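Here is the structure we will look at, set down as structure tokens.
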Amino acid sequence: MITTHNLGFPRIGARRELKFALESYWAGQSPLAALQAQGAALRAAHWQAQAGLDLAPVGDFSFYDHVLDTSFMLGNLPERVQAFHGEALDNYFRVARGRSAQAAGAHAACCGGVAAGEMTKWFDTNYHYIVPELTAATQFRLDATRLLAELAEARARGVRAKPVILGPVTYLAIGKAKDGSDRLALLSRLLPVYAELLALLAAQGVEWVQIDEPLLVTELDADWKHAFSIAYHALKGSGVKLLLATYFGQLRENLEWAVKLPTAGFHLDAVTARDEVQAALNYLAGHKVLSLGVVSGRNIWKTDLAAVLDWLEPVAARLGERLWIAPSCSLLHVPVDLAGESRLDADIAAWLAFAVQKLDELRVLAAALDRGRDAVAAELAANAAALDSRRHSPRVHKPAVQAALARIDAALGQRQSPYAERARRQAAWLKLPRFPTTTIGSFPQTAEIRQARSRFRAGELSADDYTAAMRDEIARSVREQEALGLDVLVHGEAERNDMVEYFGEQLDGYAFSQAGWVQSYGSRCVKPPILFGDITRPRAMTVEWARHAQSLTERPMKGMLTGPVTILNWSFVRDDQPRAVSCRQLALAIREEVLDLERAGLRVIQIDEAALREGLPLRRAQWKGYLDWAVEAFRITANGVGDDTQIHTHMCYSEFNDIIAAIADMDADVITIETSRSDMELLDAFEHFRYPNEIGPGVYDIHSPNIPTEAHMVALMRKAAERVPAERLWVNPDCGLKTRQWSEVIPALANMVAAARTLRATLP
């Protein structure tokens, strides 16, 4: 019999129950017990959704982030929170977001906020994790309370549980040595804690433990390879069977020695590393389990079940009971359940599978392997019909779009003049002071805005009334910015539900779910649009809102757009053509919007590419190919404008130092990036690379409710001025202000404007 299992289930709930419970607790509107009860209810529901699997994960649920969970389980708490008393969960939230619930903890009155942990992307996904903080003095101490409690919960519900933990080598690799020390030097301190954890689980009667090491799909030097050998030889006598799990890519030169590490099982992502299955079989020891990820945990398209069975059946015949099947990775990256999507186009819905449906696919595959295809003939026939419908749908393929792609040439991506000439012309009409201030685009999405949008979509508010309500919100944003003294304004994006979904809704070739929510970080959920066909822009998308905003002020107003690479990377992308082709289609569509904004009188246009680096392949050898087409797409989008038009772009929460040359090749006049949580460390690249254009290093961490002081922001900008000439620096927040409240935004921006004035007066 084939063993079926899952690497992880979405945490947030089909209706975002976790999001609302968290935000209620943080706001002081509900007690900790209510939050914990909601967590228990979600875990129970998720185990029920996985009923029928031979093994279900335990430890994949998190109140914020599984990497932060690991840090707390290992006793690796930042020093700044170690003195706090009270509930452990409040300390946890302090690291995650700078503070916990209002008035939570014994020190709340005097020390309500601390610096939040640095946040960055989990490998090449849009999920953000809290970076482990390490120093040469870091000590580890096991606290497995949470994991053991969830294990007991699962067993009480009859779940055959498989605890899931993050592996020690990946944990060190994704951490940051705050003092520049060698992270691998900590391995000898870390492994005894892992051994203690595994022994505890063994004492609880646990048979299998899934230990995730996605680092294995990256390029590793000899030291990191040796670390894996040390780690797994040290843990092999732990008393439990270890399933070493890799995902997100191919292992290539790491495959043979990784499969041969002394673990009882090995999981291979057979969606992205299908070509490595045969080699893995050849390296597999005769006693060892091979788990194959045969259903994508990253995208929402139905699996071609017959095609999978064609190559999987010989593997099953060879391995027998030593073959396990699972999704390719945790289902954290897909929505929970397609069943609630009553408004989604029926044709398109038939092509999709969310988390629950992916587990159904897994069960069909297992039944076919165990009892033959005839046992699931109806399911296989329905699957084949859906795939055939998608393959031949005229809604997917549009000859006119293909013809437009064929006309793309190098000239389409070139500005009229070099940056130095453009900068002179832009400065002449903008007349901005040194250290000009701006924001990244969005202002708070208030309850009134959300209610108006909800009523409009429900047909309870007319289009005219909705437009009037949004114009009032735009006017408020403009008034507040003028009162604060910002130099370049934005309209606040009141009309936008999401920076990607908003554009996808207005582009042909996209579809939208009602509840296809995916966790981005903490309580922040996104609903990625579904890119199913060739892309066209039927009409202007932002022009009237931007034109109205500019009419309300004499100051320059930024037109705000999301760039093609970010729209691509934050969508569920079609899998029937290369991503580069889809990105060029998006570039042509957004280029039309850029030119329409310019014609409408907007001479400052921001094209956000927040996800540019996140799409970077995990292996450096593949970077150039991706960056070539990603940068080309941005340049196609941005570079049709005249020299007087200033193009901005924004990127957030990624390490940029290793792709700084590609960012320079984008040739944006101004780039804004996240730097506040990293204390300007992301600007280290500018010590060795002469960045030619202007840059705004973020000084206000908008992912925390903490309000930065003027002095703090001045200190950050002084650090920036050590790396970038002061005359080319802007002052701005890290990201958009959509998720914050006006009561936080106003004082924070007031401090930011004051910081800019101090800098003008004190920096030469």
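The values are calculated or read from the model by the stated rules, or taken from the named source; none is laboratory data. The shown structure was predicted, so the numbers you read here are calculated from the model rather than taken from an experiment. Virtual Cβ from ideal backbone geometry, glycine too; neighbours counted across all protein chains shown. Note: areas computed on protein heavy atoms with side chains; ligands, DNA, RNA excluded. Shrake-Rupley method; radii C 1.70, N 1.55, O 1.52, S 1.80 Å.
Odds and ends about this structure:
- Heavy atoms of D275 accessible to a 1.4 Å probe, total area in Å² rounded to 10: 130 Å²
- With all projection directions averaged, the alpha carbon convex hull of region 380-425 covers 6.1 nm².
- Ordering 724-731, 124-131 by mean Cβ neighbour count within 10 Å, with the highest value first, yields 124-131, 724-731.
- The angle between the Cα long axis of helix 222-235 and the main principal axis of the chain comes to about 40°, on a 0 to 90 degree scale.
- Cα long-axis angle, helix 710-721 against the chain (0 to 90 degrees, to the nearest 10): 90 degrees
- Contact order normalised by residue count of the chain, Cα under 8 Å, 6+ apart, percent: 13 percent
- Full extension of the chain segment joining D576 with E321 gains 88.5 nm, where the gain is 0.36 nm per residue of separation less the Cα-Cα distance.
- Carbon plus sulfur fraction of accessible area for the chain, probe 1.4 Å, in percent: 51 percent
- Straight-distance crosslink candidates among lysines, where the alpha carbon sits under 21 Å from K624 and sequence neighbours closer than 8 are dropped: K121
- H66 contributes an accessible area of around 40 Å² to the protein surface, as traced by a 1.4 Å probe with all chains present.
- Estimated distance in nm for a label pair at R157 and A45, the labels positioned 7 Å out from Cα along Cα-to-Cβ: 1.1 nm
- For region 127-257, relative contact order (Cα pairs under 8 Å, six or more residues apart, normalised by length) works out to 29 percent.
- DSSP beta bridges fully contained in the chain are about 15 percent antiparallel.
- The calculated FRET efficiency for R619 paired with S389, based on their beta-carbon distance and R0 = 51 Å, is about 0.90.
- A straight chain from Q416 to R455 at 0.36 nm per residue would run longer than the Cα-Cα distance by 9.5 nm.
- Listed residue (A754, P163, A685) projecting farthest to the positive dipole end of the chain, Cβ model: A754
- Simple Cβ-charge dipole of the chain, Lys/Arg +1 and Asp/Glu -1, about Cα centre, in debye nearest 20: 320 debye
- Taking Cα centre as origin and charging only the Cβ of basic (Lys, Arg, +1) and acidic (Asp, Glu, -1) residues, the dipole magnitude of region 1-92 rounds to 260 debye.
- The overall shape of region 68-206 is oblate: from the C-alpha gyration tensor, with semi-axes ordered a ≥ b ≥ c, the ratio a/c is 1.5 or greater and a/b is no larger than b/c.
- Region 293-308 and region 31-88 have Cα centres lying 29 Å from one another.
- Cα→Cβ-extended label distance, 7 Å offset, between T135 and T553, nm: 4.2 nm
- Proximal aspartates and glutamates relative to K719, as straight alpha-carbon distance under 17 Å, when same-chain residues fewer than 8 apart are discounted: E674, D679, E681, D684, E687, E694, D701, E710, E727, D734
- Scanning residues 5 or more positions from F9 or on other chains, those with amide H under 5 Å from its amide H are L331, with H placed 1.01 Å from N in the peptide plane.
- Computed over protein heavy atoms with a 1.4 angstrom probe, the accessible surface ordering of H46, H85, largest first, is H85, H46.
- Once you reduce region 125-191 and region 223-263 to the center of their Cα atoms, the two points are 16 Å from each other.
- Counting only alpha carbon atoms, the long axis of helix 742-762 and the longest principal axis of the chain meet at about 60°.
- Take the chain with all the other protein chains still there, run a 1.4 Å probe, and you get 36 Å² of accessible area per residue.
- Each residue, A203 and R80, gets one label point 7 Å from its Cα in the Cβ direction; the gap between the two is 3.6 nm.
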